[in-house]
Structures are given as structure tokens and as C-alpha cells.
Amino acid sequence: MAATGAGEGKETAAVAGGGGGGSLHSKTLLKSEPLYQYVLESTVFPREPDCLRELRLATANHPMAVMAASPDQVQLFGLLIELIGAKNAIEVGVFTGYSLLATALALPDDGKIVAIDVSRESYDEVGAPVIDKAGVAHKVDFRVGLAMPVLDELVAEEGNKGRFDFAFVDADKVNFLGYHERLLQLVRVGGLIAYDNTLWAGSVAAPPAAADEAVPSGRDRSLAALAREFNAAIAADRRVKPCQLAIADGVMLCRRVA
């Protein structure tokens, strides 16, 4: 698969990240937009497969582009998947399928990824044609429905416990701990689970707003509280070895050890 060269024209970080919780322009916690642009242009874009670039740019034009993973984030996931020799994966929250495509590309030809979302609309309209063209559609097992019952179905299916090597969760934050309990049954010992938005634009550590500062919305305060609760629970969970990554909007990476 050909990679897009760095010399094919600059792309703004806004297009690259599709917006996000990290800042108004990019899904990053870096305070310097030029620094984030440097990361993308020096390391991410030069090694980005053409099909992934096509889907990234198409996703950036979606009205809900803020929901997409960041380019540096999906590059990391692809590397981790290859490092652990993953063959079977789960993605909770699909949207257009941008991160799904990155995972599918990193899996071997006989690998499978169970994709879970309440709707296929954005995936069918934006991602599916690119994924078909990339030749990896046969790896995708898309299951439409609420994630909790779908995960329960996966747990109940014969042969699924400990079958999966990698999981990525980018869905409703209120259910993260419930997803975690189910994924620990599905992901093998030594496998990885990644949870998105676990630093929520840095608001997990934000002090009370001063009188002359904008007050975070009720939604942001609620989501920051959920993130803190989840992060504390993972830090105390001896079944996993956690690592909080300050990439994108925060990624809690867990290696199952028990």
C-alpha cells in the first residue's frame, strides 16, 4: 500500500485532527498548534497509507468530525497491534470507520475486527467505500446495537473468552466501566484495551475557574468527573497494567495481566 509523501502539500492540523476535545482546532493536548503540526508532518503523514488519508479527509468534512480519532492516535494503535501480533480486535464506537480502517490494515489478512455501533449510517456513507477499496472489508464484522448487550452477546458466544488481542473504546463515557468488565473477559491475558477521551481536554485536572475565566459547561464538568472516576478505577484494577497517554484527548492503555 503506497504511503502519502510529505511533499504532497501541507494539511492543517484542523483537517488532520478533524477537531476534538483537545483544542478548538485539533484533537491534541499539546498547547502548541505548530508543534502538533510538526508531529503530523514529520512522522504521521509521510507513512500514512493512501486509503487512510482518503478516509481521514472525508471524515474531516463530516458535520460530526469532532468524534473521529486523531491521526497520531491511529498510527500508535497500528504499531501496537503489530507489536503484539494481534489477529482479533474489537472496536466500540465506529463513526465513519477511520480508526477501524487503521486497525484492519494492521491486522493480518485472516484477522477479524468486531465493530460495534448503534448506527451504520456514517460508516456506510463515508467509510465503507474506502474500506472496500482498501481490500480489508472482509476483516470487518459490523454489529449494530447498543454496545453493552452486544458485548454480552460476544461473551456468551462459544470460544470468545480470551479470543481477542486488542480493543478500542470510543463510545459513551458513562458506560466505560461496564465495557471494561466485559472486555476483560474477551481480551486475552497480554492483550491491550485502549479507552479514548480519558483526559477530556485536560479538564480532569482543571482548577476552579477564576472570576474572569469561562466556566466549563455542565456537560464538560460531568464528563470530566466520569473520566476521573474511570481513571481511578483503572489505576486500582490489578487485572490490568495501565498507562495514561497524553495523546489525542487522552488514551488509557491497559494490558490485561490477570
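The values are calculated or read from the model by the stated rules, or taken from the named source; none is laboratory data. Predicted model only: the values in this text are computed from it and were never measured. Cβ coordinates were reconstructed from backbone atoms using ideal geometry, including for glycine residues, and neighbour counts include every protein chain displayed. Quick note on the areas: whole protein, heavy atoms, side chains included, nothing else; ligands and nucleic acids left out. Shrake-Rupley method; radii C 1.70, N 1.55, O 1.52, S 1.80 Å.
A compact table of results
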{"read-out": "Amide H within-cut-off set for Thr28, under 5 Å, with H built and near neighbours excluded", "value": "Gly22, Ser23"}
{"read-out": "Percent carbon-and-sulfur accessible area, the chain, ignoring ligands, DNA and RNA, probe 1.4 Å", "value": "57"}
{"read-out": "Inter-label distance for Asp50 and Arg188, nm, one decimal - labels placed 7 Å from Cα along Cα-to-Cβ", "value": "3.5"}
{"read-out": "Separation in nanometres of the label points that stand 7 Å from Cα toward Cβ, at Val257 and Lys87", "value": "2.6"}
{"read-out": "Taking the C-alpha atoms of the chain, convex hull volume expressed per residue in Å³", "value": "123"}
{"read-out": "Total formal charge among the other residues, if their Cβ is under 14 angstrom from that of Leu223, Lys/Arg +1 and Asp/Glu -1", "value": "-2"}
{"read-out": "The chain: antiparallel DSSP beta bridges as a percent of all, rounded to 5", "value": "40"}
{"read-out": "Surface accessible to a 1.4 Å probe, Val204 within the full protein complex, Å²", "value": "30"}
{"read-out": "Under-5 Å amide H pairs with Phe168, H placed in peptide plane, nonlocal only", "value": "Ile90, Glu91, Val92, Ala194"}
{"read-out": "For the chain: accessible area per residue (Å², 1.4 Å)", "value": "46"}
{"read-out": "In Hz, Karplus ³J(HN,Hα) per residue of the range 105-117 (6.51, -1.76, 1.60; θ = phi - 60°; x = Gly, Pro)", "value": "5, 7, 6, x, 4, 9, x, 9, 10, 7, 9, 10, 7"}
{"read-out": "Radius 13 Å from Cβ of Arg143, net charge of other residues (Lys, Arg +1; Asp, Glu -1)", "value": "-4"}
{"read-out": "Met67 - accessible surface, heavy atoms, 1.4 Å probe, Å² rounded to 10", "value": "90"}
{"read-out": "Which of Asp110, Asp220, Asp196 is most accessible, then next, and so on - probe 1.4 Å", "value": "Asp110, Asp220, Asp196"}
{"read-out": "With all protein chains modelled, accessible area of Ile90 [1.4 Å, Å²]", "value": "0"}
{"read-out": "Derived scalar couplings ³J(HN,Hα) [the range 56-66; Karplus, 6.51 cos²θ - 1.76 cosθ + 1.60; whole Hz; x for Gly, Pro]", "value": "4, 5, 5, 5, 4, 8, 6, x, 10, 4, 4"}
{"read-out": "Inter-site label distance for Gln244 and Ala205 at 7 Å from Cα along Cβ, in nm", "value": "0.7"}
{"read-out": "Chain lengthening between Asp172 and Asp141 when straightened (0.36 nm per residue, less Cα-Cα)", "value": "9.1 nm"}
{"read-out": "Amide H contacts of Leu245 (H built 1.01 Å from N, under 5 Å, at least 5 apart or other chain)", "value": "Val251, Met252, Leu253"}
